[in-house]
Amino acid sequence: MAKAKIILKRRKSVRNTEKITRTMEMVSTAKYKQSHSRIANSAPYQEKLRELMAGLGGAGESVSHPLLESRPVKRSVVLLITSNRGLCGGYNSNLISRAVDVLREEEGAGIRTDLHVIGTKGISFFRYRNRELAAAHDDFDDKSGYAQVNRIAGDFLRLYTEGEVDRVTVIYQKFLSAGRQSPVAEVLLPLSAVTETEPGEEADSAGTDYLYSPDPESILRELLPAYFRTTLYNDYLQAVVGEHLARMVAMKNATEAAEKLIKSLTGMYNRARQSQITNEIAELMGGVEALK
């Protein structure tokens, strides 16, 4: 009977775990939908802003702006966006691995790299390995908005404009679709490629004739910092979506694994109980025979 009780106790524990993972899956699903709607709402503005700057770049033949200057990279900034919580599969480990590769590559080329990290998971990883962090941001959460990201973007703009850094790279989980996302290292500064017209944009704006006031160059100089800020914010939103999606998938897999384990433990319990009943009947029959 002791073996059956142990199996029964273990099955109860797994069922409790299943309830927790199922609840976390539902919560992650709700948060994923909310964060995905934020991307859907900001995407049209981001796309239109880039399309407008591409048109301005073509209209204003030669544009001079500090954010467009490409110079030899002697010092760079790497921003890593991770999560504050775990239980999201390989989300954080993949991002950290990508960041380690980028840091190794840049430092191998003799570039002095300042590491900025968002999220306690990334902060804990590099602090445990005694890696000096230029900035550690652990105050971001699911509801963090444009204002928080804008403060970081403002610091990067100042450093690049004043010539203190020569490149800004952000490492985040790029959201491509619900079934496809991957960690990427995206160079945000310099913005030398922003004013180049992409094939799709050229087709969309070919039949449109805009009148710019003031001149295109003046407008573009005002829009470039705004574009950088919104791009960094969009990257952060994609990272948040990726976190919730990864946690949703991880909790779904955990729930399914718990269900399989419960089924297996139920079979083991039934066999153990059947064996015990058989032994008890055999003992009872043996006692009856002994009394004859």
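The values are calculated or read from the model by the stated rules, or taken from the named source; none is laboratory data. Remember, it's a predicted structure, so these values are computed and weren't measured experimentally. In case anyone asks, the SASA skips ligands and DNA or RNA and just uses the protein heavy atoms, side chains included. Shrake-Rupley method; radii C 1.70, N 1.55, O 1.52, S 1.80 Å.
For the chain, carbon and sulfur atoms together expose 53% of the accessible surface, with a 1.4 angstrom probe and every protein chain in place. For region 95-110, putting each phi into the Karplus relation 6.51 cos²θ - 1.76 cosθ + 1.60 with θ = phi - 60° gives couplings of 5, 5, 4, 5, 5, 4, 5, 5, 5, 5, 5, 5, 5, x, 8, x Hz, in residue order, rounded to whole numbers and with x for Gly and Pro. Taking every protein chain into account, the accessible area of the chain amounts to 56 square angstrom per residue (probe 1.4 Å). Taking a 26 Å limit on the Cα-Cα distance, which of the listed pairs Lys3/Lys260; Lys12/Lys33; Lys74/Lys121; Lys19/Lys263 fall beyond it? Table pairs above 26 Å Cα-Cα are Lys12/Lys33; Lys74/Lys121. I need the Debye-formula profile for region 1-159: one equal scatterer per C-alpha, no solvent, reported as log10 I(q)/I(0) at q = 0.10, 0.14 1/Å, two decimals. For the requested q values the scattering log ratios are -0.60, -0.99.
Kirkwood analysis of the chain, using all unique Cα-Cα pairs, places the hydrodynamic radius at 22.9 Å. Radius of gyration (Cα atoms) of region 83-197, expressed as a multiple of 2.2 N^0.38 Å: 1.12. Listed by chain and number, the aspartates and glutamates placed with their C-alpha closer than 13 angstrom to that of Lys31 are Asp141, Asp142, Glu243; residues fewer than eight positions away on the same chain are left out. Among Arg129, Arg85, Arg15, the residue with the largest mean-square fluctuation in a Gaussian network model of the chain, with springs joining Cα atoms closer than 10 Å, is Arg129. Between amide H atoms placed 1.01 Å from N, distances below 5 Å from Val165 occur with Tyr160, all of them 5 or more places distant or on a separate chain.
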